[in-house]
Amino acid sequence: METLEAVVEFLQNYQEYSLAMIFGMLILCGFGLPIPEDITLIAAGILSGIQVNTTHGHFLLMLAFCLAGVLIGDGIMFIGGRLFGYKLQKYTPLRKVLPPSRFAWVQRQFRKYGVWALFFARFMPGLRAPIYLTAGMSRRVSYLKFLLLDGAAALISVPVWVGMGHYGAQNRDNLTRWIANGQHVTWVVVGTVILAVVIIVIRNSKKAKKAAEEESGNVK
């Protein structure tokens, strides 16, 4: 919580530029900024919660800036990996992010889960950058597909963290409890969304099959 409070205080000191600063911080999170992305998102939510009567306190506006920062930061990592390829492994700073052992592990995840590894990477702090870089380096997926998968995941995780900060801004005791269970909450939301999609797909499939059978019966 100390890191979170420090980030919130820092942003409050530069209130006029807080949206731009949050946007920039989220982009830099993927490049080693020593502040977890989730903490930045929660801080953004708190800021919108305590400044609710100002432009900067507009929840949807804050959420839009956070989504943009997250997606652009992820996209830069992916494109960087795609442009420079395996040459990136020669640079010492990136060896800390993507050492040979982690690179091999990420490759195994891609072989096991395919492009869905990109979707689930958003919910695994510390593994996002290695997975996004490896995806770009190995050219396993197009940028459009990467953006769709990462965007779908961000539409789940970012509102959870920003919303947590926004609605817990006035009650930090509740917020502390929510943060402690935040990762579990995110996975519950992910599971619920996936279950809903599966149910919709099954229902649509049954409807299409029934319609095809009725049409076939009418033809006869």
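Is it fair to say Ile46 is surrounded by 13 or more Cβ atoms within 10 Å (Cβ to Cβ), of a type in the set (Val, Ile, Thr), modelled with pLDDT of 85 or more and under 30 Å from Tyr91 (Cα atoms)? Taking the combined requirement at face value, the residue does not satisfy it. Candidates Arg177, Arg172: the one that is under 17 Å from Leu41 (Cβ atoms), more than 16 Å from the chain's Cα centre (by Cα) and at pLDDT 70 or above is Arg172.
The set of residues from the stretch 193-211 being at pLDDT 70 or above and more than 24 Å from Leu149 (Cβ to Cβ) comprises Lys206, Lys207, Ala208, Lys209, Lys210. Just to be sure before I move on: is Ala64 under 30 Å from Arg172 (Cα atoms) and without any contact (Cβ under 8 Å) to a residue 12 or more places away in the chain in the structure I sent? It is true that Ala64 is under 30 Å from Arg172 (Cα atoms) and without any contact (Cβ under 8 Å) to a residue 12 or more places away in the chain.
The residue that is surrounded by the fewest Cβ atoms within 10 Å (Cβ to Cβ), among those in the stretch 129-155 that are hydroxyl-bearing (Ser, Thr, Tyr) and assigned to a helix (DSSP H, G or I), is Tyr143.
Conditions tested, residue by residue: (1) closer than 30 Å to Ile50 by Cβ; (2) touching a Lys or Arg at 6+ places or on another chain (Cβ under 7 Å).
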position	(1), (2)
Leu133	no, no
Arg139	no, yes
Ser157	yes, yes
Gly165	yes, no
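Filtered by the rule that a residue be among the hydrophobic types (A, V, I, L, M, F, W, C) and more than 18 Å from Tyr143 (Cα to Cα), the stretch 107-129 gives Phe123, Met124, Leu127. Put simply, of Arg102, Arg122, Arg95, Arg108 the only residue that is modelled with pLDDT under 80 and either charged (D, E, K, R) or over 17 Å from the mean Cα position of the chain (by Cα) (or both) is Arg95. When the stretch 84-103 is filtered for residues that are hydroxyl-bearing (Ser, Thr, Tyr) and surrounded by 10 or more Cβ atoms within 10 Å (Cβ to Cβ), the ones remaining, listed by number, are Tyr86, Tyr91.
Taken over the stretch 75-122, the criterion of being in contact with a helix residue (DSSP H, G or I) (Cβ under 8 Å, 6 or more places away or on another chain) and of a type in the set (Lys, Arg) is satisfied by Arg82, Arg95, Arg102, Arg122. Looking across Val158, Val115, Val106, one residue alone is crowded, with 19+ Cβ neighbours inside 10 Å, over 18 Å from Phe84 (Cβ atoms) and of a type in the set (Val, Ile, Thr). It is Val158.
The values are calculated or read from the model by the stated rules, or taken from the named source; none is laboratory data. Fair warning: this is a prediction, and the values are worked out from it, not measured in the lab. Virtual Cβ from ideal backbone geometry, glycine too; neighbours counted across all protein chains shown.
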